[in-house]
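*Asks:* Would you mind keeping the following structure in view while I ask a few things?
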Amino acid sequence: MNRIDHTLARLRQRPRSALVSYFTAGDPDFATSLRLLQGLGAAGADLIELGLPFSDPVADGPAIQAAHIRARAAGQTAARTLELVQALRQSDAQTPVILMGYLNPVMQYGAAGFMQDAARAGVDGLILVDLPVEHMAPYHQLAQEAGLHLIRMTAPTSDDVRLEKVLQGATGFVYHVTLTGTTGAASCTAAQVETALAQVRRHTTLPLAAGFGIRTPVQVRELAGVAELIVVGSRLVEVLAAQGVEAALAEVQALAAALRG
């Protein structure tokens with residue numbers, strides 16, 4: 001069973017929402033990134049969302065854009081990102097890893113080879129934020145053949161007609177972007193998320209993730225039970241950049257404690 005499926009099934013038995021922690025692969029360098037990733041499971045991250053460095057991360061705000069720049073300057077590539085996951089798997093064989101990024105690096109690598117190499121490295125899912133559903137079919141098939149979930153995304157602007165189209169054939173879980181704008185641009189409220197997710201649930205039985213605009217333990221606590229997965233990214237990237245690995249892991253611990261409490 002895919003680690004994503006296994007983790008979400010286990011958490012449904014408790015029941016509680018999953019904490020998804022986002023960091024950019026190779027930020028600020030390979031060794032530091034690996035040390036951080038190795039500590040995330042113990043710190044309370046249920047799933048790891050790992051940014052695939054790219055020169056033009058248009059869906060991301062300043063904090064994550066800066067992380068992409070730092071990672072690329074340190075030599076992080078798509079191939080090195082798969083090496084990073086493979087190195088993580090030597091000490092953590094359980095925590096699901098989802099690569100989040102853009103289509104261009106996957107195309108440059110070669111989509112079929114990337115999917116197969118990602119699965120062999122220990123990746124469980126992939127989010128390509130600039131891949132519209134109209135062009136997703138061949139990538140979806142390649143991901144399925146490799147044993148990966150190619151995660152679908154919804155947005156506040158998605159109406160019922162669009163949701164029906166986007167979610168047809170979706171697997172793993174659905175990532176709902178809670179606000180219009182880039183990562184870290186604003187904050188969302190639990191009431192807004194609950195209303196939006198109720199609409200999404202009319203079109204899928206998959207678990208739903210809420211991401212973008214979630215920064216604090218208070219927000220995480222408010223969203224517990226509203227979404228099956230809660231994603232925190234920009235805040236963690238900011239803490240890592242300003243204070244280092246231990247502070248970033250402490251931030252994950254605080255978010256996990258809020259969720260579990």
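The values are calculated or read from the model by the stated rules, or taken from the named source; none is laboratory data. Owing to the predicted nature of the structure, the values given are computational and were not obtained by experimental measurement. Here Cβ is always computed from backbone atoms with ideal geometry, including for glycine, and neighbour counts include all displayed protein chains.
*Asks:* It is to be established whether one or more residues within segment 183-194 are modelled with pLDDT of 95 or more and in contact with a Ser or Thr (Cβ under 6 Å, 6 or more places away or on another chain). I'd like the intermediate steps shown before the answer.
*Replies:* In the first step, residues of segment 183-194 are kept if they are modelled with pLDDT of 95 or more; the result is none.
No, every residue in segment 183-194 fails to be modelled with pLDDT of 95 or more and in contact with a Ser or Thr (Cβ under 6 Å, 6 or more places away or on another chain).
*Asks:* Only one of (1) in contact with a Leu (Cβ under 7 Å, 6 or more places away or on another chain); (2) of a type outside the set (A, V, I, L, M); (3) under 23 Å from Ala258 (Cα atoms); (4) assigned to a helix (DSSP H, G or I) fails for Gln192. Which number is that?
*Replies:* Looking at each condition in turn, Gln192 falls short on (1).
*Asks:* May I pose another question? What pairs come up if the first residue lies in segment 132-150 and is surrounded by fewer than 19 Cβ atoms within 10 Å (Cβ to Cβ), the second is among the β-branched types (Val, Ile, Thr), and their beta carbons are under 8 Å apart, counting only those six or more places apart or on different chains?
*Replies:* Qualifying pairs under 8 Å: Val133/Val166; Gln144/Thr171.
*Asks:* Among the residues of segment 209-231, what is the count of those that are touching a helix residue (DSSP H, G or I) at 6+ places or on another chain (Cβ under 6 Å) and either within 28 Å of Leu34 (Cα to Cα) or part of a helix (DSSP H, G or I) (or both)?
*Replies:* Count: 8.
*Asks:* Of the residues Ala71, Ala42, only one is buried (at least 24 other Cβ atoms within 10 Å of the Cβ) and either under 19 Å from Val239 (Cα atoms) or under 15 Å from the mean Cα position of the chain (by Cα) (or both); which?
*Replies:* Working: Ala42 fails: buried (at least 24 other Cβ atoms within 10 Å of the Cβ).
The unique qualifying residue is Ala71.
*Asks:* Further, regarding this structure: Kindly indicate whether Ala209 is out of contact with any Phe, Trp or Tyr (no Cβ under 6 Å at 6 or more places or on another chain) and crowded, with 20+ Cβ neighbours inside 10 Å. Please lay out each step first, then the result.
*Replies:* On the way: out of contact with any Phe, Trp or Tyr (no Cβ under 6 Å at 6 or more places or on another chain): no; crowded, with 20+ Cβ neighbours inside 10 Å: yes.
Answer is no for this residue.
*Asks:* Something else: So, in segment 1-39, exactly how many residues are more than 18 Å from Gly101 (Cα to Cα), surrounded by 18 or more Cβ atoms within 10 Å (Cβ to Cβ) and charged (D, E, K, R)?
*Replies:* Residues that pass the stated criteria total 1.
*Asks:* Filter segment 90-144 down to the residues that are assigned to a loop (DSSP other than H, G, I, E, B) and not hydrophobic (A, V, I, L, M, F, W, C) and list them by number.
*Replies:* Selection gives Gln90, Ser91, Asp92, Gln94, Thr95, Pro96, Tyr102, Gly110, Gly122, Asp124, Asp130, Pro132.
*Asks:* Inspect all residues belonging to segment 246-256 and state whether any of them is at pLDDT 95 or above, under 17 Å from the mean Cα position of the chain (by Cα) and small (Gly, Ala, Ser).
*Replies:* Checking segment 246-256: at least one residue is at pLDDT 95 or above, under 17 Å from the mean Cα position of the chain (by Cα) and small (Gly, Ala, Ser).
*Asks:* Against the condition part of a loop (DSSP other than H, G, I, E, B) and touching a helix residue (DSSP H, G or I) at 6+ places or on another chain (Cβ under 8 Å), how does Arg70 come out, does it pass? Lay out the reasoning, then the answer.
*Replies:* On the way: part of a loop (DSSP other than H, G, I, E, B): no; touching a helix residue (DSSP H, G or I) at 6+ places or on another chain (Cβ under 8 Å): yes.
Judged against the criteria, Arg70 is not a match.
*Asks:* So which of Leu236, Leu259 is touching a strand residue (DSSP E or B) at 6+ places or on another chain (Cβ under 7 Å), closer than 20 Å to Asp60 by Cα and assigned to a helix (DSSP H, G or I)? Walk me through how you get there before you give the answer.
*Replies:* On the way: Leu259 fails: closer than 20 Å to Asp60 by Cα.
Of the residues listed, the single one that is touching a strand residue (DSSP E or B) at 6+ places or on another chain (Cβ under 7 Å), closer than 20 Å to Asp60 by Cα and assigned to a helix (DSSP H, G or I) is Leu236.
*Asks:* Right, another one. Restricting attention to segment 55-104, which residues are farther than 24 Å from Val220 by Cβ, modelled with pLDDT under 95 and in contact with a Lys or Arg (Cβ under 9 Å, 6 or more places away or on another chain)?
*Replies:* Ser55
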